């Protein structure tokens, strides 16, 4: 498969439009020489060791959960280790792609995988995603006749792409035309200026922003009301097994013990404090929180399980591989990196 086709497949089950506005997702490195994608390497983090591995196996595409290129830079030099990786990828003809928060948000993605570990229940999204296509506005105004309206529409088309707006017309009892025109935010100012240039339309102009529809099941974080209540001890055991870890960090909520009941759980992969803050639940599960963020949760009686940042995101490797296998032909080999590991270890 060529790179363009693979990117289209990735967009199908992890739409980049779901990513947070601050994130840097999608195709990050595109080699000058295009070649068929035969081997894909999955990793949580693209490091020098992972790049060694990719070059040794003649990899064509690296899919790194975390974007190795995040902050902007003005030069591409060997001084910075991330820029070194980008240079190596280009020289080796390896494309680099990152899904990051688009995979966190999507239904069936990383946060759904994380909350599955604690048990079955009624799951909902903590921060609902909405359609991120361009914002639209509805402009309602009156025109005296079709000639006047056509002249306004002609002027609007001079400043806006004709495909970006559409309109409906209703004829009133006074034989005037009631116009409802929809346009994107990018075309709002010139469209309004044109309408205000007409005496009749300017007096009747009303502007309303059209709300984007929610994308059900997609968004940051998850909350579950468990089918069967469990103890904190059982929750710990289940999450250790789910994450494949011998140890987890636990902060017991105020007045809570290891045998306290857990009926509701809120999770957020990675660093989840901003998403979990204020959510009512017996237990929070995330990768990392600051000392004071943990204290805030504990003071409200909520217990906290921390797994370290990338450990809460390890499901990316296995679940993403299954999705790729289901959408790509057998001729494309998908491999999980053997060199990728969390830099923090318990010794």
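Under a crude label model (7 Å from the Cα following the beta-carbon direction), how far is residue 204 from residue 128 in nanometres?
In this crude label model, residue 204 to residue 128 measures out at 3.4 nm.
Pairing the Cα long axis of helix 146-159 with the longest principal axis of the chain, what angle in degrees results, from 0 to 90 and rounded to the nearest 10?
Approximately 40 degrees, to the nearest 10.
Once you have the Cα-Cα distance between residue 263 and residue 238, take 0.36 nm times their residue separation minus that, and quote the gain in nm to one decimal. Can you show the working numbers first?
Numbers: separation 25, 0.36 × 25 = 9.00 nm, distance 1.46 nm.
Gain in length upon complete extension: 7.5 nm.
Report, in whole Å, the centroid distance computed from the Cα atoms of segment 73-114 and segment 178-201.
Computed from Cα coordinates, the inter-centre distance equals 42 Å.
Taking 0.36 nm per residue of sequence separation and subtracting the Cα-Cα distance, how much length would be gained by fully extending the chain between residue 318 and residue 255, in nm to one decimal? Don't skip to the answer; put the middle values down first.
Details: separation 63, 0.36 × 63 = 22.68 nm, distance 3.76 nm.
Here the segment from residue 318 to residue 255 would lengthen by 18.9 nm.
At 0.36 nm per residue, minus the direct Cα-Cα distance, what do residue 5 and residue 145 gain on full extension? Give it in nm, one decimal, please.
Values: separation 140, 0.36 × 140 = 50.40 nm, distance 4.96 nm.
Contour length minus Cα-Cα distance gives 45.4 nm.
Shape of segment 136-210 from its Cα gyration tensor (a ≥ b ≥ c, root eigenvalues): rounded if a/c is under 1.5, otherwise prolate when a/b > b/c, or oblate? Walk me through the intermediate numbers first.
On the way: a/c = 1.67, a/b = 1.45, b/c = 1.15.
It comes out prolate by the Cα gyration axes.
Measure nothing but the geometry: give the 0 to 90° angle between the long axis through the Cα atoms of 232-243 and the longest principal axis through the Cα atoms of the chain, rounded to 10°.
With rounding to tens, the tilt is 80 degrees.
May I ask for the angle, rounded to the nearest 10°, between helix 315-327 and the longest principal axis of the chain, with both axes built from Cα atoms and the value confined to 0 to 90°?
Once rounded, the angle reads 60 degrees.
Points 7 angstrom from Cα along the Cβ direction at residue 277 and residue 22: gap in nanometres?
Label at residue 277, label at residue 22, 1.0 nm between them.
Could you order the peptides 80-90, 46-56 from most to least packed, using the average number of other C-beta atoms within 10 Å per residue? Present the calculation step by step, with values, prior to reporting the outcome.
Details: 80-90: 16.9, 46-56: 18.6.
Top to bottom by mean Cβ count within 10 Å: 46-56, 80-90.
Rule-based calculations on the coordinates, nothing more; no lab input. Treat the numbers as computed from the prediction; the structure is a model and nothing was measured. We place every Cβ from the backbone using ideal geometry, glycine too, and count neighbours over all the protein chains shown.
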